[in-house]
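Take a look at the structure set out below.
The values are calculated or read from the model by the stated rules, or taken from the named source; none is laboratory data. In this text, all values refer to a predicted model and were calculated from it rather than measured experimentally. Every residue, glycine among them, receives a Cβ derived from its backbone with ideal geometry; neighbour counts consider all protein chains shown. These accessible areas exclude ligands, DNA and RNA; they are computed on the full protein's heavy atoms, side chains included. Shrake-Rupley method; radii C 1.70, N 1.55, O 1.52, S 1.80 Å.
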Amino acid sequence: MRIVFAYPGDLELRTGGYGYDRRVVAGLRDLGWTVDLLPLGAGFPYPRDLAAAERALSGVPDGTTVLIDGLAFGVLDAWAARDAARLRLFALVHHPLALEDGADPALEMSERAALRHARGVIVTSPATARDVSRMFGVEDALVAIPGTDPAPLALGQGDPPHILSIGTLIRRKGHDVLIDALAQLADLPWRATIIGAALDPAVADDLHHRIRQAGLAARIDLAGGVEDTRAALATADIFALASRFEGYGMVFAEAMSQGLPIVACHAGAVPDVVPDTAGHLVPPDDPHAFAAALRALLADSARRRAYAAGSAAAGACLPGWSDTAARIAHFITERS
């Protein structure tokens, strides 16, 4: 089968959403599909040149199956109203655009209008399925959760314990909450690494300032983006990410597949991904609660080991990427 996958921005960017896109494309190709990539330009959901993206999509031949990443699809409502009838159009929604920090509320209306023209909607978590049902009236979205790759279990029991966080440096990832929590734990031995590209320079500057102000420059490493996050996870004792919202949270699944105890927030899809046996979930935007959860693990190595075992057991039940691609392939084939 031939399909066009249309995407915004840079497909090679090291984020969970683009990582999902890359693995789905590779998985469909492994199944024998021909996947043609169609870049739509930068800046979405506030594109630098929406007209150019629309022209690119309008150039796709009639009858073609087209899968569009939701970061772009949600603002292509006018184009979809004109062109959807001549294409087999599918949308991949990582999370509704209006739920992003600081999003224009008008995005909810445009995404609702755009999704009316899709033959099928694919989402990455049960939480996102609930969101698209509640916000857009989409009742039959396919849930295709991200896959995981086999990886060695984390070594654990570092001296001092190593706390690892992975997420791009944007406000939604809550690294400010993590740093403020760590500032309350200066009496305990630990070191921390935050891995993530500085997609928002203002957020990156604020994080550097918070670390210096707390006197933790020697203990917290803002490491930037790295090529191999799985190798980094293998060196950790605790995975901690204070996201204010997640459409799925692939990195939590990766942390569980490597048996790391987790401290995170009860936000978005995180409770669907991280069971109680794998770690602590606390309210979002609460550095004191986050610090208390970290303290409980740092101060009790037996508790860390128990949560590590629970995390590894949950991680072993997660699907592989071939499973994710096969679900998407079946869904698209049925509706094309």
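Tabulated data
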| quantity | calculated |
| --- | --- |
| Residue check, Asp205 out of contact with any helix residue (DSSP H, G or I) (no Cβ under 8 Å at 6 or more places or on another chain), part of a strand (DSSP E or B) and surrounded by fewer than 24 Cβ atoms within 10 Å (Cβ to Cβ) | no |
| Selection count where residues are in contact with an Asp or Glu (Cβ under 8 Å, 6 or more places away or on another chain) and either open to solvent by 40 Å² or more (accessible area, probe 1.4 Å) or basic (Lys, Arg) (or both), scope the range 215-237 | 1 |
| Breaking point among (1) over 23 Å from Trp33 (Cβ atoms); (2) open to solvent by 30 Å² or more (accessible area, probe 1.4 Å), for Arg86 | (1) |
| Candidates Gly259, Gly320, filtered to the one that is on the phi > 0 side of the Ramachandran plot and in contact (Cβ under 8 Å) with a residue 60 or more places away in the chain | Gly259 |
| Elements of type helices (runs of 4 or more DSSP H) contained in the range 250-329, each with 2 or more residues being touching a Ser or Thr at 6+ places or on another chain (Cβ under 8 Å) | 250-257, 270-273, 301-315 |
| Restricting the range 257-283 to residues that are under 15 Å from the mean Cα position of the chain (by Cα) and among the aliphatic types (A, V, I, L, M), the residue that is farthest from Ala296 (Cα to Cα) | Ala269 |
| Among (1) touching a residue at least 60 places away in the same chain (Cβ under 8 Å); (2) among the hydrophobic types (A, V, I, L, M, F, W, C); (3) open to solvent by 10 Å² or more (accessible area, probe 1.4 Å); (4) touching an Asp or Glu at 6+ places or on another chain (Cβ under 7 Å), the one test that Val177 misses | (3) |
| In the range 182-202, the residues that are open to solvent by 10 Å² or more (accessible area, probe 1.4 Å) and part of a helix (DSSP H, G or I) | Ala183, Gln184, Pro201, Ala202 |
| Which listed residue is surrounded by 17 or more Cβ atoms within 10 Å (Cβ to Cβ), small (Gly, Ala, Ser) and within 21 Å of Leu155 (Cβ to Cβ), from Ala267, Ala240 | Ala240 |
| Total residues in the range 293-311, condition open to solvent by 30 Å² or more (accessible area, probe 1.4 Å) and in contact (Cβ under 8 Å) with a residue 60 or more places away in the chain | 4 |
| Options Asp69, Asp49, Asp77; residue that is touching a Gly at 6+ places or on another chain (Cβ under 6 Å) and either at pLDDT 95 or above or open to solvent by less than 10 Å² (accessible area, probe 1.4 Å) (or both) | Asp49 |
| Top-ranked residue in the range 52-92 [being touching a residue at least 60 places away in the same chain (Cβ under 8 Å) and of a type outside the set (A, V, I, L, M, F, W, C); ranked as farthest from Asp140 (Cα to Cα)] | Thr64 |
| Among residues of the range 139-181, those that are over 29 Å from His95 (Cα atoms) and either outside any loop (DSSP other than H, G, I, E, B) or within 18 Å of the chain's Cα centre (by Cα) (or both), counted | 1 |
| Qualifying residue in the range 41-51 (condition: out of contact with any His (no Cβ under 9 Å at 6 or more places or on another chain) and touching a residue at least 60 places away in the same chain (Cβ under 8 Å)) | yes |
| Residues that are of a type in the set (D, E, K, R), modelled with pLDDT of 95 or more and touching a helix residue (DSSP H, G or I) at 6+ places or on another chain (Cβ under 8 Å), drawn from the range 215-253 | Arg219, Asp237, Arg244 |
| Qualifying residue in the range 119-127 (condition: within 21 Å of the chain's Cα centre (by Cα), surrounded by 23 or more Cβ atoms within 10 Å (Cβ to Cβ) and either among the hydroxyl-bearing types (Ser, Thr, Tyr) or in a loop (DSSP other than H, G, I, E, B) (or both)) | yes |
| Of residues in the range 10-41 being at pLDDT below 95, surrounded by 13 or more Cβ atoms within 10 Å (Cβ to Cβ) and in a loop (DSSP other than H, G, I, E, B), the one nearest to the chain's Cα centre (by Cα) | Thr15 |
| Residue that is surrounded by the most Cβ atoms within 10 Å (Cβ to Cβ), among those in the range 323-336 that are small (Gly, Ala, Ser) and under 16 Å from Asp21 (Cβ atoms) | Ala325 |
